[in-house]
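The values are calculated or read from the model by the stated rules, or taken from the named source; none is laboratory data. As the structure is a computational prediction, the values presented were derived from the model and not from experiment. Virtual Cβ from ideal backbone geometry, glycine too; neighbours counted across all protein chains shown.
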Amino acid sequence: MFDFSKRLLKLRKSRGLSQIELAQKVQISSSTLGNYENDMGIPSLSVAESLADVLNVSLDYLACGEKANVISVKGLKEEQIELVTELIQELARPANHNPKLTRQQQELLARIIEQFVH
């Protein structure tokens with residue numbers, strides 16, 4: 001896991017968590033977490049999954065720094081998930097790869113903003 005320790009440390013600090021806080025959230029000791037951050041060990045898959053979940057990143061990003069095509073839907077309502085999915089599908093269409101938003105894209109964004117603001 002190239003640069004795993006540096007990535008883990010950076011993510012923990014960017015989330016404003018102490019080693020003790022993050023360790024408690026993933027149910028490991030702070031010394032074990034310190035070992036991961038000092039490149040003196042790597043977590044099991046289940047611990048790595050917990051770390052990624054708590055740090056709100058994908059497991060592949062935590063492990064390798066790869067950008068994932070993953071959007072966390074944790075805590076979203078079903079209608080919010082459907083709106084985000086619809087927008088992603090709309091924006092992914094080859095015909096829609098221009099800098100200006102179509103009317104449909106604008107309407108979807110307006111609906112998403114309304115859902116998240118209220």
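For beta carbons closer than 8 Å, sequence separation of 6+ or different chains, a first residue in the range 14-27 that is in the same structural domain as Glu49 (by TED's automatic domain parsing) and a second that is exposed (fewer than 12 other Cβ atoms within 10 Å of the Cβ) and modelled with pLDDT under 95, the qualifying pairs are Arg15/Asn56. Anything in the range 61-104 that is part of a helix (DSSP H, G or I), modelled with pLDDT of 70 or more and either surrounded by 14 or more Cβ atoms within 10 Å (Cβ to Cβ) or hydroxyl-bearing (Ser, Thr, Tyr) (or both)? List them, or say none. Result: Tyr61, Leu62, Ala63, Cys64, Gln80, Leu83, Val84, Thr85, Glu86, Leu87. Note on the range 20-49: residues that are outside any loop (DSSP other than H, G, I, E, B), surrounded by fewer than 18 Cβ atoms within 10 Å (Cβ to Cβ) and not basic (Lys, Arg) amount to 12.
Filtering the range 22-46 to residues that are of a type in the set (Ser, Thr, Tyr) and over 18 Å from Leu59 (Cα atoms) leaves Ser29, Ser30, Ser31, Thr32.
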